[in-house]
Amino acid sequence: MKNKFAERLKELRIEAKMSQKQLAELLGVVQHTISNWEKEARQPDFDMLMKIATTLDVSTDFLLGLSEYN
């Protein structure tokens with residue numbers, strides 16, 4: 001099963017016209033971390049998931065693929 005988080009993170013970042021580096025700066029991580037999340041090499045912890053959702057103005061359910069509505 002495809003990781004919806006990785007797919008949605010990348011889509012939302014691109015929709016927001018942000019580079020991986022820009023999103024990383026907003027989240028307080030390095031660019032490589034964003035890359036790893038988008039490549040499904042790693043996943044964020046719960047606290048970071050909440051920070052990503054807040055930063056991108058979506059629900060955690062949407063980010064995780066549990067809802068089609070953000």
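The values are calculated or read from the model by the stated rules, or taken from the named source; none is laboratory data. A quick note: this is a predicted structure, and the numbers were derived from the prediction, not measured. Neighbour counts run over all protein chains shown; Cβ positions are idealised from the backbone, glycine included. These area figures cover heavy atoms from the full protein model, side chains too; ligands, DNA and RNA do not enter into them. Shrake-Rupley method; radii C 1.70, N 1.55, O 1.52, S 1.80 Å.
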statement: With the first residue restricted to the range 1-30 and required to be more than 22 Å from residue 61 (Cα to Cα), and the second required to be acidic (Asp, Glu) and in a loop (DSSP other than H, G, I, E, B), Cβ contacts under 7 Å at 6 or more apart or on different chains are none
task: Please specify each residue of the range 36-58 satisfying the condition of being surrounded by 15 or more Cβ atoms within 10 Å (Cβ to Cβ) and either outside any loop (DSSP other than H, G, I, E, B) or over 9 Å from the mean Cα position of the chain (by Cα) (or both).
output: 36, 37, 38, 48, 49, 51, 52, 53, 55, 56, 58
statement: In the range 1-35, anything open to solvent by less than 90 Å² (accessible area, probe 1.4 Å), outside any helix (DSSP H, G or I) and among the β-branched types (Val, Ile, Thr) is listed as 29
message: All but one of (1) in contact with a helix residue (DSSP H, G or I) (Cβ under 6 Å, 6 or more places away or on another chain); (2) of a type in the set (S, T, N, Q); (3) in a helix (DSSP H, G or I); (4) free of Cβ contacts under 8 Å to residues at least 24 places away in the same chain hold for residue 67; state the number of the condition that does not hold.
response: (3)
task: Please work out which residue is farthest from residue 4 (Cα to Cα), limiting yourself to the range 60-70 and to residues that are in contact with a Phe, Trp or Tyr (Cβ under 8 Å, 6 or more places away or on another chain) and open to solvent by less than 40 Å² (accessible area, probe 1.4 Å).
output: 62
